[in-house]
Amino acid sequence: MIARAIKNVCLWPKLDSLGGPTSFQRRLMAGLREQGVEVHHNPEDPDCQVILLIGGTRYLDVLWRARRRGIRILQRLDGMNWLHRRRFMGLRYALRAEYANLNLAFIRRFLADGVIYQSQFARSWWQRVYGGGERWQQVIYNGVDLATFAPYGMHERPADRWRVMVVEGHLRGGSALGLENAIHFVRALQAQETRPVELWIAGDVPEAERAQVTSLAQDVSLTWTGVVSAQRIAYLDRSAHLLFSAELHPACPNAVIEALACGLPVVGFDTGALAEIVVPSAGRVVPYGADPWRLQPPRVEPLVTASREILAGWEAFSRGARQRAEAAFGLEMMTTRYLEAFQAILE
């Protein structure tokens with residue numbers, strides 16, 4: 001069979017908000033255009049060959065019409081909504097979360113010609129809950145611009161204290177539990193270190209959650225940076241000694257990949273895909289010590305021990321973090337994998 005050249009791809013829907021999906025869409029669009037592919041957000045384009053659906057959509061009729069025209073549909077999936085089942089965040093939020101899960105599952109089962117999962121964890125999660133049977137599926141990790149996110153460049157990494165970063169797009173509702181874990185971790189680390197330890201948090205945190213965490217952190221040096229640009233995130237990563245991955249059960253956290261690319265070692269608990277991403281030379285992933293699915297508090301002592309090991313040999317771990325990013329998370333590599341996926345579902 002003669003392979004069809006990939007010339008026209010729709011990334012849908014158009015995303016313009018804070019967080020990982022928007023960053024992914026922008027990066028993939030730039031990568032595809034560098035390869036000479038026409039990329040747009042119009043699923044009705046008559047020349048469109050493939051629609052990459054980032055998550056789900058309520059406009060199922062658009063997908064039905066695309067299928068009738070012979071356009072292939074590739075769905076990109078991360079995790080599912082689950083926190084609302086363990087921590088009440090309002091009836092409206094819960095209904096929207098359950099609808100979103102069902103919408104994603106319906107498209108995956110009946111409309112998508114293939115599914116790309118962001119990690120092995122995400123794939124096993126979906127297949128465990130909704131079964132297998134995808135027409136075609138593959139795991140492709142997120143990628144990052146290794147020139148923008150790099151160890152070299154401006155920074156203000158302190159020499160007289162340790163700085164721990166938390167970077168998340170949105171930390172609200174049940175997700176704010178990760179900030180509480182960060183406070184407990186930094187407090188325990190400070191208790192064993194002679195050098196002061198400070199915590200910096202970057203991301204969208206509502207005032208109520210911020211006030212709650214600030215109250216909890218009375219004896220912890222805490223700095224809120226708010227929402228920052230990609231360039232600023234790279235600067236902050238270069239200005240820290242550790243990134244604490246706060247999210248529970250992340251599918252493929254961009255903040256972790258960006259930190260690795262900046263040479264910032266990553267520490268966190270073994271939930272979600274973190275252990276797939278962070279290899280021993282780039283940081284440490286330790287057992288949670290409780291049931292994260294029930295939002296039970298973790299055991300921070302093993303994480304403190306691992307973090308002190310990293311801080312004692314920081315230069316080596318920093319080099320290992322960058323090497324991990326170069327080996328697995330480059331933007332060019334991600335773009336190539338997606339082009340191969342588009343080709344596969346066209347054959």
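Numbers at a glance
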item	result
Any pair with Cβ under 7 angstrom, 6 or more apart, that starts in the range 137-158 at a residue that is free of Cβ contacts under 8 Å to residues at least 40 places away in the same chain and ends at one that is part of a strand (DSSP E or B)	GLN137/GLY114; GLN137/VAL115; GLN137/TYR117; VAL139/TYR117
Number of positions in the range 253-271 that are open to solvent by less than 20 Å² (accessible area, probe 1.4 Å), modelled with pLDDT of 95 or more and part of a loop (DSSP other than H, G, I, E, B)	5
Members of the range 195-244 that are of a type in the set (Asp, Glu), over 16 Å from the mean Cα position of the chain (by Cα) and within 23 Å of ALA259 (Cα to Cα)	GLU198
Some residue of the range 150-165 being of a type in the set (A, V, I, L, M, F, W, C) and within 22 Å of HIS84 (Cα to Cα)	no
Test set (1) within 30 Å of ILE73 (Cα to Cα); (2) surrounded by 17 or more Cβ atoms within 10 Å (Cβ to Cβ) - PHE149 fails condition number	(1)
Strands (runs of 3 or more DSSP E) wholly inside the range 170-250 that include at least 3 residues being closer than 26 Å to VAL286 by Cβ and not polar (S, T, N, Q)	197-204, 242-244
Residue selected from the range 1-13 under the condition in contact with a strand residue (DSSP E or B) (Cβ under 9 Å, 6 or more places away or on another chain) and either loosely packed, with under 13 Cβ neighbours inside 10 Å or not hydrophobic (A, V, I, L, M, F, W, C) (or both), by the criterion nearest to CYS252 (Cα to Cα)	PRO13
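The values are calculated or read from the model by the stated rules, or taken from the named source; none is laboratory data. Here the structure is a predicted model, which is why all the values come from computation and not from measurement. Every residue, glycine among them, receives a Cβ derived from its backbone with ideal geometry; neighbour counts consider all protein chains shown. The accessibility values were calculated without ligands, DNA or RNA, using every heavy atom of the protein model including side chains. Shrake-Rupley method; radii C 1.70, N 1.55, O 1.52, S 1.80 Å.
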